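The values are calculated or read from the model by the stated rules, or taken from the named source; none is laboratory data. What you see is a predicted model, and the numbers here were worked out from it, not measured in a lab. Cβ placement follows ideal geometry from the backbone for every residue including glycine, while neighbour counts extend to all protein chains displayed.
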Amino acid sequence: MEAEIVVMGFLVGALVGLTGVGGAALLTPVLMWIGISPSVAVATDLFYNSVTKLFGSIQHIRQKTIDLALVKYLAIGSVPSALIAVLVLQAYPPLAGHQDSIIKHALGVVLVIVALATIAKQFYEKLGSNRWQEKPLHEKRSLTIVIGCVLGFIVGLTSIGSGSLFALAMIYLYRLKSSTLVGTDILHAFLLVSAAGAMHAVYGNIDYMLALNLLLGSVPGVMIGSRLSARVPSRPLRTVMAAIILFSGLRLI
């Protein structure tokens, strides 16, 4: 399976580079379809995402395209919430025995939400400012932490949404330049998926060899996809990817 996993990683990476659609929404259901258990698929995807987001975070830190205050408030809510999601599934006996079934159905619901969010994001990007964007961050501190709590729990449970759902929230609620929005989203996602992945590692859910093979394919895939993105219209591709993610989610529910 190693060569097939590398090719899978390449294809997912290329699609992420072309469309900007989150890799977890593509990768996690595919891993489950090839026979990986839901808990291992989610844990491995979190670890895989942590590695990829690390390099992106370093680049954006160098470019100074990160709103550190927004990252801080989101992480205050999201990191503990993601840890609780993993801990409850792994350590609470009534749920631990059914965790794969819970993850599978939760994943289906979240994939549907992510598909709709991906489509909505394309419309929000065209809209002008709203009253929430006009408010300074300190007036939205509590709201920001609550958003982090809710979406962080979803990411801890399914590995999905660290980019797509948080990006949509940032587009609608905060006034950020495009480069700052991307950098802020990537750094926060790195903190979130690293924390959730570390908790899964404690319970031995991560398949490190699987993650390595995925990385071997996805790194060149992302680079090639990113280069091609300037020549290929991304909006139709995003719509197609959203439809695929929606179909995947409906199959899992």
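Worth a mention:
- Residue that is modelled with the highest pLDDT [pool: residues in the stretch 114-144 that are outside any helix (DSSP H, G or I) and either charged (D, E, K, R) or in contact with a His (Cβ under 6 Å, 6 or more places away or on another chain) (or both)]: K135
- Failed condition for L246, given (1) modelled with pLDDT of 80 or more; (2) surrounded by 21 or more Cβ atoms within 10 Å (Cβ to Cβ): (2)
- Sub-7 Å Cβ pairs linking a first residue in the stretch 206-228 that is farther than 10 Å from V12 by Cα to a second residue that is aromatic (F, W, Y) and assigned to a helix (DSSP H, G or I), at least 6 apart or interchain, are I206/F47; A211/F47; A211/Y48; L215/Y48; P220/F10, ordered by first then second residue.
- As a summary of the residue check, K64 satisfies the conditions (1) surrounded by fewer than 21 Cβ atoms within 10 Å (Cβ to Cβ); (2) on the phi < 0 side of the Ramachandran plot except for the one numbered (2).
- Single residue of R235, R231 found to be in a loop (DSSP other than H, G, I, E, B) and surrounded by fewer than 16 Cβ atoms within 10 Å (Cβ to Cβ): R231
- All conditions but one from (1) part of a helix (DSSP H, G or I); (2) over 13 Å from the mean Cα position of the chain (by Cα); (3) surrounded by fewer than 23 Cβ atoms within 10 Å (Cβ to Cβ) apply to I36; the one that does not is (1).
- A Cβ distance below 7 Å, combined with a sequence gap of six or more or placement on separate chains, defines the contacts here; from the stretch 71-98, residues that are over 15 Å from L165 (Cβ atoms) reach residues that are surrounded by fewer than 21 Cβ atoms within 10 Å (Cβ to Cβ) and among the charged types (D, E, K, R) in the pairs Y73/R141.
- For the stretch 72-103, the set of residues classified as surrounded by fewer than 20 Cβ atoms within 10 Å (Cβ to Cβ) and among the β-branched types (V, I, T) consists of I76, I84, V88, I102, listed by residue number.
- Considering residues of the stretch 131-186 that are farther than 27 Å from V30 by Cα and without any contact (Cβ under 8 Å) to a residue 24 or more places away in the chain only, the residue surrounded by the most Cβ atoms within 10 Å (Cβ to Cβ): L181
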